[in-house]
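K.L.:
Handing you this structure, nothing more for now.
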Amino acid sequence: MDKGVVDERNDSIALPALGCLELRTHPLRGRGVFTRSPIARGTLVHISPVLLFDHAEYSEHGKHTKLDHYTYCWQGGFALALGLGSMFNHEPFGRENIGFTRDMGASLIKYTALRDIATGEELCICYGPNVWFDVATKASNDQEGSNSVLEGNALQPQTAEDLLQCFDII
Ligand SMILES: C[S@@+](CC[C@H](N)C(=O)[O-])C[C@H]1O[C@@H](n2cnc3c(N)ncnc32)[C@H](O)[C@@H]1O
C-alpha cells in the first residue's frame, strides 16, 4: 500500500483509501468507524487532510461550537480532521487499535493499525487521559459495536486544550 507521503516533485499527496471501512452508529458512542475486512498491524488505514484554526479564531468561535468535540491540538491552534479522522471514537490508552501521527508540514493526520484488527471491529484512537464525556468502552472483540459498557467517569467537561491530547501514539 502507498505510504501516503508527499511527492516533492509535484507537491501531490497520495491518499490511499481502504475500501473496507464503514460508519456505524452506536447508541452510546455515536457514529464510529468499523471494518468489513481484517486489517493487518501496521497498515496505514486513513489519511485526513486537516482544516486549521489559529488560537484567536478558535477561542473566539470554534470552541463555542460542536467543533470543540472534534478538533485536534495543532501547532498554532487547532485542526479539524476531514475525511474519517473526526469519526474515530475513543478507547482508553492501551485499548485503542489505531494510532495517529500529525504531519504538521503537510497538514495531514495519518492513522495506522497498532495491531491486527478483525472483521467487524470498531477502529478507535485514544483521545488522551482527559475526556469530556462518559466513556462507553468496547467489550473485547466487539463484533457489532453493540456490547459497549458505560464506564464510571467522573471527568468534568474539559477545555479544547484537552481534546485529543497532544501525544501521537505510534
Ligand atoms: C470526534 S467525535 C467521534 C464521532 C462521534 N461519535 C460522532 O458521532 O460524531 C467525539 C465524540 O464521540 C463520542 N465518543 C467518542 N468515543 C466515545 C466513547 N468511548 N464513549 C462515549 N462516547 C464517545 C463523544 O460524544 C465525543 O464527543
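The values are calculated or read from the model by the stated rules, or taken from the named source; none is laboratory data. Quick caveat: nothing in here was measured; it's all calculated off a predicted structure. Please note: Cβ atoms are built from the backbone with ideal geometry, for glycine as well, and neighbour counts cover all protein chains shown.
K.L.:
Looking only at the stretch 30-50, filter to residues that are within 14 Å of the ligand (Cβ to nearest atom) and surrounded by fewer than 20 Cβ atoms within 10 Å (Cβ to Cβ); which one of those is nearest to the chain's Cα centre (by Cα)? Outline the logic, then answer.
P.N.:
Of all residues in the stretch 30-50, those within 14 Å of the ligand (Cβ to nearest atom) come to 30-34, 46, 48, 50.
Remaining after also requiring surrounded by fewer than 20 Cβ atoms within 10 Å (Cβ to Cβ): 30-31.
Numbers: 30: 14, 31: 12 Å.
Across the stretch 30-50, the extreme among qualifying residues is 31.
K.L.:
Residue 58: within 13 Å of the ligand (Cβ to nearest atom), surrounded by 15 or more Cβ atoms within 10 Å (Cβ to Cβ) and not aliphatic (A, V, I, L, M), yes or no? Break it down into steps so the answer makes sense when it comes.
P.N.:
On the way: within 13 Å of the ligand (Cβ to nearest atom): no; surrounded by 15 or more Cβ atoms within 10 Å (Cβ to Cβ): yes; not aliphatic (A, V, I, L, M): yes.
Answer is no for this residue.
K.L.:
Here's a follow-up. Only one of 46, 69 is under 26 Å from residue 135 (Cα atoms) and touching a strand residue (DSSP E or B) at 6+ places or on another chain (Cβ under 8 Å); which?
P.N.:
46
K.L.:
Then there's this: Sort out which residues of the stretch 53-72 are assigned to a helix (DSSP H, G or I) and out of contact with any Asp or Glu (no Cβ under 9 Å at 6 or more places or on another chain), and write them in order of number.
P.N.:
Once the filter is applied, which keeps residues that are assigned to a helix (DSSP H, G or I) and out of contact with any Asp or Glu (no Cβ under 9 Å at 6 or more places or on another chain), the stretch 53-72 yields 55, 56, 57, 59, 60, 63, 64, 66, 67, 68, 69.
K.L.:
Output the residues belonging to the stretch 89-128 that are in a loop (DSSP other than H, G, I, E, B) and of a type in the set (A, V, I, L, M).
P.N.:
104, 106, 114, 118
K.L.:
Right, another one. Cβ-Cβ distance below 9 Å, separation of 6 or more or different chains: which pairs start in the stretch 45-68 with a residue that is among the charged types (D, E, K, R) and end on one that is part of a loop (DSSP other than H, G, I, E, B)?
P.N.:
Matching pairs, first to second residue: 54/76; 63/159; 68/132; 68/159; 68/163.
K.L.:
Regarding residue 110, is this residue of a type in the set (D, E, K, R), surrounded by 18 or more Cβ atoms within 10 Å (Cβ to Cβ) and at pLDDT below 95?
P.N.:
no
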